[in-house]
Amino acid sequence: MMENNVEKIGYKKLIVWQNAYKLRRLIYEITKRFPASELRRVSQMRDAARSVKQNIQEGYGRTLGQYINYLEISKGSLKELSGDIEDCFDDGLIKEDEFKKLDELCGKTDYLFMRLIQSLRRKKQTNA
């Protein structure tokens, strides 16, 4: 039981997880005001935002190789969400200031994923 508490503390210290948490919260808030005709898009965006965060958490307690795979899945969900955010802005569903905030957060999070994955791959090669 103690080990699980340590793991939770560990991934929550990661800035990439903190950004994913913020991103999920922002997406949930912004999509609340989307029209009913956008129900499918709302569901997809919320699922993608949740996936970004959840895959960091799920992978954290696994082997190094599995963790890297989970981070790559999470990064893919971020790319999907980023595309949806652009589409929503183009379609007039997201205001410019919201788009800029989300786009910046996605960009920073993507960079953090890249650096974390690179670091873990180097660690894996060193341990091999």
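Since every read-out is calculated from the coordinates, none of them should be taken as a lab result. From a predicted model like this one, the values you see are computed outputs, not experimental measurements. Heads up, the Cβs are rebuilt from the backbone with ideal geometry, glycines too, and the neighbour counts pull from every protein chain shown.
Which entries in the list Lys32/Lys79; Lys100/Lys123; Lys75/Lys100; Lys100/Lys124 go over 29 Å, if you measure between the two C-alpha atoms of each? Lys100/Lys123; Lys100/Lys124, as the Cα separations exceed 29 Å there. Computed on the chain, with alpha-carbon pairs under 8 angstrom and 6+ residues apart, the relative contact order is 26 percent.
Remark: the chain carries a charge dipole of roughly 700 debye about the Cα centre, counting +1 on each Lys and Arg Cβ and -1 on each Asp and Glu Cβ. The alpha-carbon of Lys13 sits under 17 angstrom from the alpha-carbons of these lysines, leaving out residues fewer than 8 places away in its chain: Lys22, Lys53, Lys108. A Gaussian network model of the chain, with springs between Cα atoms under 10 Å, assigns the largest mean-square fluctuation among Asp97, Asp110, Asp47 to Asp97.
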